[in-house]
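Every number here is computed from the coordinates shown, using simple stated rules; none is lab data. Because the structure is predicted, anything quoted here is derived from the model rather than measured. All Cβ positions, glycine included, derive from the backbone under ideal geometry; neighbour counts span all protein chains shown.
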Amino acid sequence: MAVSDLDRRYMAAAIRLSRSHQGLTGTNPSVATLIVRDGVIVGRGVTALGGRPHAETQALLEAGERARGATAYVTLEPCAHHGRTPPCANALVTAGVARVVSAASDPDERVAGRGYAILRSGGIEVEENVLRAEAADYLAGYLIRSSKKRPEVTLKLALSRDGFIGTRGGGQVGITGAESRAQVHLMRAESDAILVGIGTVLADDPLLTCRLPGLESRSPIRIVLDSQLRLPLPSALVTTSATVPVWIAASAGADPMKRQALEAAGCRILATETDCGATALPELLDDLAAQGIATLMVEGGATVASSFLQEGLVDRLALFEGPAAIGNDGGVVVPELRSHIARGFNLSHEYRFGSDRYSEYIRPL
Ligand code: AOF
Ligand code: ZN
């Protein structure tokens with residue numbers, strides 16, 4: 001049977017469902033399954049908090065006998081490996097599902113095509129790559145971590161109408177409004193870690209937590225690029241490090257006394273012995289991925305943003321543009337931002353948050 005518009009609509013619904021556990025499934029991607037029989041959704045599942053049980057198991061449980069002869073919409077190829085439960089591909093065969101429509105294949109070496117092979121040899125008709133780009137948008141952290149061994153990097157920038165990310169003297173300026181700030185906090189909640197340069201910390205003393213009511217416990221690990229360990233002990237970051245972790249990427253030669261003091265205050269100095277210059281970023285990202293960080297949000301400032309862009313390490317660019325201008329005295333710019341966007345990114349979403357314009361760009365995988 002060919003892929004129909006109705007198939008694509010069910011898949012779009014499955015992709016929306018998968019978003020509900022985004023950032024809550026550990027190193028496992030948040031995947032969703034819808035089981036549809038005679039035009040009725042008889043089972044739905046999304047990867048459980050922490051990563052198990054898988055989406056298919058839960059959808060099949062809800063569908064029960066109604067799964068026989070049904071179509072299953074899955075946002076990722078069903079797994080083929082034994083975890084705490086048997087492989088999802090086998091479970092779909094056993095349940096008598098007739099057709100599986102899938103959005104993306106699973107690069108995990110334990111799966112990688114074996115899931116589809118199990119389905120086909122069990123007599124199931126399989127459609128692959130349905131709404132792949134849309135699903136990959138949500139699976140990006142997982143797909144990038146599997147293929148490139150580094151986290152998915154989202155660079156967030158707030159720009160004034162005349163293209164500045166702040167004033168030259170430093171200090172916080174209100175470029176964007178309350179609605180944008182709430183969205184930034186939601187993005188923090190959906191990220192495993194957030195990264196800034198020491199310059200931003202010294203200028204703004206940011207907290208970098210998620211402060212949306214009810215989501216406070218979902219603050220990301222806070223990472224500072226601070227080669228010389230200049231992070232002040234009384235800073236908002238250090239004084240809250242017992243509740244929300246602070247990791248510091250420093251150079252091996254940084255002051256050992258300061259290192260001890262920061263560690264005693266609860267911060268963790270990362271083991272990668274690098275000078276934290278732009279050239280050290282890939283190593284740092286490798287290290288973070290190995291520690292289970294799949295999504296990283298980079299929040300500033302200009303030097304850090306431009307290093308990530310120049311190294312080709314930005315997968316998603318989130319631009320918030322406020323209506324106010326900083327003016328002719330000028331401010332801080334991210335060098336060649338527009339040409340980086342034009343050369344390497346596609347526009348994926350545009351919204352308004354209050355009076356701010358939001359544009360999201362992704363780098364094609
Ligand atoms: C599925 N359905 O809902 C998800 C899948 O540690 P485990 O045993 O849970 O396996 C993790 C792997 O399972 C992960 O790398 C990916 O290949 C797959 N994720 N598969 O069939 C799901 N979340
Ligand atoms: Zn599975």
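Rounding to the nearest 20 debye, state how big the charge dipole of the stretch 61-213 is about its Cα centre with +1 on each Lys and Arg Cβ and -1 on each Asp and Glu Cβ.
With only Lys, Arg, Asp and Glu charged at Cβ, the dipole is about 220 debye.
Please compute the modelled spin-label separation between E336 and H81, points set 7 Å along Cα→Cβ, answer in nm with one decimal.
Label-label distance for H81 and E336, simple model: 3.9 nm.
Of all DSSP beta bridges in the stretch 5-141, what percent run antiparallel (nearest 5)?
60
Roughly how many nanometres apart are two label points built 7 Å out from the Cα toward the Cβ at L347 and A252?
That separation, rounded to one decimal, is 4.8 nm.
Set the Förster radius R0 to 30 Å, insert the Cβ-Cβ distance between Q310 and E216 as r into 1/(1 + (r/R0)^6), and round the FRET efficiency to 0.05.
0.30
For the chain, what proportion of DSSP beta bridges, expressed in % and rounded to the nearest 5, is antiparallel?
45
What's the longest bit of the chain with no exposed GluC sites (Glu not before Pro), using DSSP loop states and at most 16 other Cβ atoms within 10 Å as the test?
So the longest stretch without any such site is 129-272.
Counting each pair of different Cα atoms once, what's the Kirkwood radius of the chain in Å, rounded to one decimal?
After inverting the pairwise mean of 1/r, the radius is 21.9 Å.
List the pair-distance distribution P(r) of the stretch 5-141, using every Cα-Cα distance, as the percent of pairs falling in each 5 Å bin from 0 up to the bin containing the longest distance, rounded to whole percents.
Pairs per bin, as whole percents: 2, 12, 24, 27, 22, 10, 2, 0.
Go through the stretch 122-200 and name the trypsin sites (Lys or Arg not before Pro) that are in a DSSP coil and have 15 or fewer other Cβ atoms within 10 Å of their Cβ.
Passing sites in the stretch 122-200 are K149, R161, R168.
Let me know the charge dipole size of the chain about its Cα centre in debye, to the nearest 20, where only the beta-carbon of Lys, Arg (+1) and Asp, Glu (-1) is charged.
560
In nm, give the distance between the simple-model label positions of E62 and D286, each being 7 Å from the Cα along the Cα-to-Cβ direction.
Reported label-point gap for E62 and D286 is 4.2 nm.
Taking the dipole about the Cα centre of the stretch 5-141, with the C-beta of Lys and Arg at +1 and of Asp and Glu at -1, give me whichever of A89, T57, Y138 is farthest to the positive side.
T57
Taking R0 as 25 Å, what FRET efficiency do you get between K149 and L49 from their Cβ-Cβ distance, rounded to the nearest 0.05?
0.50
Counting Lys and Arg as +1 and Asp and Glu as -1, each charge on the Cβ, what is the dipole of the stretch 150-362 about the Cα centre in debye, to the nearest 20?
360
How much of the DSSP beta bridge set in the stretch 150-362 is antiparallel, as a percent to the nearest 5?
Taking every DSSP beta bridge within the stretch 150-362, about 40 percent pair in antiparallel fashion.
Would you please name the trypsin sites (Lys or Arg not before Pro) within the stretch 18-125 that are DSSP coil residues with at most 14 other C-beta atoms within 10 Å of their C-beta?
Those satisfying the criteria are R68, R84, R110.
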